[in-house]
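Just below is one structure, and these are the notes that go with it.
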Amino acid sequence: MLILASQSPRRRDLLLRERVAFCVICRETREQNSAELPPEQLCARNASAKAEAVAADYPNHVIVAADTLVFLDGRPLGKPSDPADAHRMLSLLQGRTHSVCTAVALIMPSGERRDFAVTSRVTFRAMSDADIDRYLAEVPVLDKAGAYAMQEKSELIVARVDGDVDNVVGLPVARLLQELTR
């Protein structure tokens, strides 16, 4: 049985879309948000901590954990602390291209690890404060890295995505399925 070690409804939706059988089990972990680490390394540490916390209790299962962060100029933008912080983040991103990195930690029942990271580039539209306020009024973003949701009203803010869109949502499903069938 596959265990998704994530509370993210977006990750659940992506797996359900692919008809993957899984259950959700999470353990409390502290996410790092250090600008001192390269994006892939930072996300990998967070994903690994989530997977290992669950694998300790479920050693005979396949464990999948992921961590997604938005990076602008190499600096991580985590989840906003409040609406003003969300507005600040979107103001920083507007009219610019940023990276979205998702690291996946995959622990097999044998203890084998298959960890990987996928990075996509997202270009935002130029937006006024009113445009940002409109987006924030329509989309709940306080639980989303970078203060936006690719799967909700992205046409209001996103001009272009270079790379895996599922990765921007929070789980590079195609790559995960490759690793699971390997």
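Rundown of residues vs (1) closer than 30 Å to Ile3 by Cα; (2) touching a helix residue (DSSP H, G or I) at 6+ places or on another chain (Cβ under 6 Å); (3) modelled with pLDDT of 95 or more, yes/no style:
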| site | (1), (2), (3) |
| --- | --- |
| Asp73 | no, no, no |
| Leu77 | yes, yes, no |
| Val118 | yes, yes, yes |
| Met127 | no, no, yes |
| Ala159 | no, no, yes |
| Gly170 | yes, yes, no |
| Arg182 | yes, no, no |
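Scanning the stretch 147-171 for residues that are within 23 Å of Arg134 (Cα to Cα) and either in a loop (DSSP other than H, G, I, E, B) or not aliphatic (A, V, I, L, M) (or both) yields a total of 10. Taking the criterion of being touching a helix residue (DSSP H, G or I) at 6+ places or on another chain (Cβ under 8 Å) and either among the hydrophobic types (A, V, I, L, M, F, W, C) or buried (at least 18 other Cβ atoms within 10 Å of the Cβ) (or both), the residues of the stretch 89-104 that qualify are Met89, Leu90, Leu93, His98, Ser99, Val100, Cys101, Thr102, Ala103, Val104. Against the test of being among the hydrophobic types (A, V, I, L, M, F, W, C), in contact (Cβ under 8 Å) with a residue 12 or more places away in the chain and either part of a loop (DSSP other than H, G, I, E, B) or surrounded by fewer than 15 Cβ atoms within 10 Å (Cβ to Cβ) (or both), the options Ala126, Ala86, Ala174 yield a single qualifying residue, Ala126. Could you figure out which of (1) surrounded by fewer than 18 Cβ atoms within 10 Å (Cβ to Cβ); (2) touching a Lys or Arg at 6+ places or on another chain (Cβ under 8 Å); (3) closer than 22 Å to Gln41 by Cα isn't true of Ile107? Result: Ile107 passes all but (1). Only one of the numbered conditions (1) in contact with a Leu (Cβ under 8 Å, 6 or more places away or on another chain); (2) surrounded by 14 or more Cβ atoms within 10 Å (Cβ to Cβ) is not met by Ala149, and that is (1).
So that you can scan it fast, the table gives a plain yes or no per residue for (1) farther than 21 Å from Asp67 by Cβ; (2) hydroxyl-bearing (Ser, Thr, Tyr):
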| position | (1), (2) |
| --- | --- |
| Asp115 | no, no |
| Thr119 | no, yes |
| Asp129 | yes, no |
| Glu138 | yes, no |
| Val141 | no, no |
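Taken together, Ala55, Ala65, Ala44, Ala51 contain a single residue that is surrounded by 20 or more Cβ atoms within 10 Å (Cβ to Cβ), within 18 Å of Asp143 (Cα to Cα) and either among the small types (Gly, Ala, Ser) or modelled with pLDDT under 90 (or both), which is Ala65.
The values are calculated or read from the model by the stated rules, or taken from the named source; none is laboratory data. These numbers were taken from a predicted model, which means no experiment stands behind them. All Cβ positions, even for glycine, are placed from backbone atoms using ideal geometry, and neighbour counts span all protein chains on display.
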